[in-house]
Amino acid sequence: MKELFKKQTEQLRESHFLILYWIAKAENANTKYNITNLFDDLKFAGLTRTKQNAVAYVEALCALCFINLLIEQNRKNLYITRYGAKALELLVKQRLYSTKPSHFLEGTS
Amino acid sequence: MTIGIGGAGSKLSTQLDPATSTIINVSDIELEKFDAHTKLRAVAHSTRAQLRGARKDPSIGRDAFYSVREKLTDIIRNDIVFSSTGGGTGNGLCTELLDYLSGLDSVPIVDKTMFVFVLPYPELEASEFVDNTLQFLEGPVSRAIDAGNTGNLILFSNQQKFLTRLQEDDYNRLMLDSLQEFLVIPEKGARFDHLDGNIDFEDFHLYTAKPYFNHFCRFDFDPGASFEKQLKSNYNNLLLAPEGTIEAMFLLEVPDADQAVAFYDILDYFAKDNVSPTYSVVHNPDIKKPSITVSILYSRKPLELVDDFNVISGKRKRTRVKKSLDQYVTLTKLEIDMTDETRKAAKDVDQDGEEIINVLKRIGKL
């Protein structure tokens, strides 16, 4: 299972890394972070220009059980799972990607 | 009748004979400057070109060609076209005209056109003129020589104008007088008594219908001296020097009929290059010394000329670049210590990473 987890994490790209990072940061700030916020942030970081891409990233992370998508008050809010946290930790240790600011979180904090 | 294309071509054509001259330009204002028999305006798409001419931009002339193509290709038959190679209208229209002729299967000898081009002096004239000329010689002129659908191409150079500091009109007159000396060969043949050979109008037309560069000169001939030396020291310095004779023609005028036999020496000279010239020896009682008009057809020189132009054009460009660097650009030396930079970057990542792991711990996911 450890091997599988390692392989799954190796497949993650910069966008996935940032999504996990922003979701964790939002949770730490007790802020609800939904798909629309995520799409805005990805757009601001220059990583995508279409909402379909943002949704695809989220679906991939959900399928890997790295994030949870909960519909709360008609919003699709995102939460990081324990596996997601471990994956993010692994990526941080591998030093593959550096963080970028979240437009949404910087604006609200 | 002659045709002048662009400003410089119009000047030459109208100066030769305004009563039979047709001039072509993209601007009415430019056309108004000349007194010509027929004026044709080629339609340029930009208003600025219509008002001010092509201003050294051959693309304007090329665009405008299609508006006059039918008329122009009709009137140039069996005629002489004058143009400069450095400007916009002359270069552009002649580029399309030569390419049009090169694209035809063949042109009958009776319809062939003689082209007279004036080349800039690369040392002192604007680099745009030199660049335009380079493209013109490398492109349409080379293709025209290959296709063989034009008559003689005559390449005058502006070099002597600058070296002798002549006024433009005076220099134009000099070029036209020189051209006239060549063009009157069949008239002289008809006017004076023949002593040997013959160049009639038909022979002359056949000769000018050949698609080579034409170099001609006229000088007093000393029958006792070497013809080769006399010819080489009397090359026409208004024209580019010839290289490798393909065909030749000469008219020897002698005041005394006994001097006529001197032409055998001239035939011997050309025979060395396996060239059999068309010639005529006439008795001209109006002159005191024998005089000869020689024309040489050649085709190699333009390649060397393009090389010369390239060298000068390149030299000028390098000078311009150096000047701009001297004037405007100061580059300070940027010193980077890669070890320091790597350490800094690693530290940033470490700090980032540490913060992320702390966040994950705080939210209880790790």
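Counting heavy atoms of the protein chains only and a 1.4 Å probe, report the per residue accessible area for region B:200-277 as a whole number of Å².
Details: 3640 Å² over 78 residues.
On a per-residue basis, 47 Å².
Based on every Cα atom in region B:99-182, Rg and the maximum pairwise Cα distance Dmax equal 15.0, 44 Å.
Please state the shape class of region B:1-108: rounded when a/c is under 1.5, otherwise prolate if a/b exceeds b/c and oblate if not, all from the C-alpha gyration tensor.
Values: a/c = 1.75, a/b = 1.10, b/c = 1.60.
Oblate.
For B:K229, the aspartates and glutamates whose Cα falls under 16 Å of its own Cα, not counting residues fewer than eight places away in the same chain, are B:D220, B:E243, B:D265, B:D268, B:D273.
Of all DSSP-defined beta bridges confined to chain B, some 45% are antiparallel rather than parallel.
Applying a threshold of 23 Å to the alpha-carbon distances of A:K25/A:K100; B:K188/B:K288; A:K7/A:K32; B:K112/B:K161; A:K43/B:K365; B:K112/B:K232 flags A:K7/A:K32; B:K112/B:K161; A:K43/B:K365; B:K112/B:K232 as lying beyond it. Computed about the Cα centre, the dipole magnitude for chain A is approximately 180 debye when only Lys and Arg (+1) and Asp and Glu (-1) carry charge, each at its Cβ. Here region A:11-44 is scanned for amide nitrogen atoms under 14 Å from the site 7 Å beyond the Cα of A:A56 along Cα-to-Cβ, giving A:13-16.
Taking all protein chains in place and a 1.4 Å probe, what share, in percent, of the accessible surface of chain A do carbon and sulfur account for?
On the way: 3240 of 6370 Å².
On chain A, the fraction of accessible area on carbon and sulfur atoms equals 51 percent.
If you count the DSSP beta bridges with both ends in the protein assembly as shown, what percent of them are antiparallel, to the nearest 5? Write down the numbers at each step before the final one.
On the way: 28 of 56 bridges.
Antiparallel bridges: around 50 percent, rounded to the nearest 5.
Report the percentage of all Cα-Cα pairs in the protein assembly as shown whose separation exceeds 29 Å, rounded to a whole percent. Working shown, then result.
Values: 71694 of 112575 pairs.
Tail of the P(r) past 29 Å holds 64 percent of the pairs.
Per residue, the solvent-accessible area of region B:100-147 (1.4 Å probe, heavy atoms of protein chains only, all protein chains present) comes to 42 Å².
Within the same chain, aspartates and glutamates fewer than 8 places from B:K71 are excluded, and of the rest, those with a Cα less than 15 Å from its Cα are B:D79, B:E96, B:D111. Note on exposure: B:E354, B:E228, A:E27 ranked by accessible area (1.4 Å probe, complete protein assembly) read B:E354, B:E228, A:E27, with the most exposed listed first.
Between the beta carbons of B:V275 and B:E70, assuming R0 = 45 Å, the FRET efficiency works out to 0.70 to the nearest 0.05. For chain B, the share of accessible area belonging to carbon and sulfur comes to 48 percent (1.4 Å probe, ligands and nucleic acids excluded).
Could you work out the helix-only [θ] at 222 nm for the protein assembly as shown, with each DSSP H run of four or more residues adding -39,500 (n - 2.57) and the total divided by the number of residues, to the nearest 500 deg cm²/dmol?
-15500 deg cm²/dmol
Take each residue of peptide A:75-82, count the partner chain Cβ atoms within 10 Å of its Cβ, and average: the result is 1.
Across peptide A:16-28, the mean count of Cβ atoms from other chains lying within 10 Å of each residue's own Cβ comes to 3. Per residue of B:350-357, other chain Cβ atoms within 10 Å of the residue Cβ number 5 on average.
Under the shape rule built on the C-alpha gyration tensor, where the axes satisfy a ≥ b ≥ c, chain B is prolate, since a/c reaches at least 1.5 and a/b is greater than b/c. Which of the aspartates and glutamates could a cross-linker span from B:K56 if the Cα-Cα distance has to be under 13 Å and same-chain partners fewer than 8 positions apart are dropped? The reachable aspartates and glutamates, counting only those whose Cα sits under 13 Å from B:K56, are B:E125, B:E128, B:D131.
The values are calculated or read from the model by the stated rules, or taken from the named source; none is laboratory data. All figures in this text were calculated on a predicted structure; none of them were measured in a lab. So basically every Cβ, Gly included, is an ideal-geometry build from the backbone, and we count neighbours across all protein chains shown. For accessibility, only protein heavy atoms count, side chains too; no ligands or nucleic acids. Shrake-Rupley method; radii C 1.70, N 1.55, O 1.52, S 1.80 Å.
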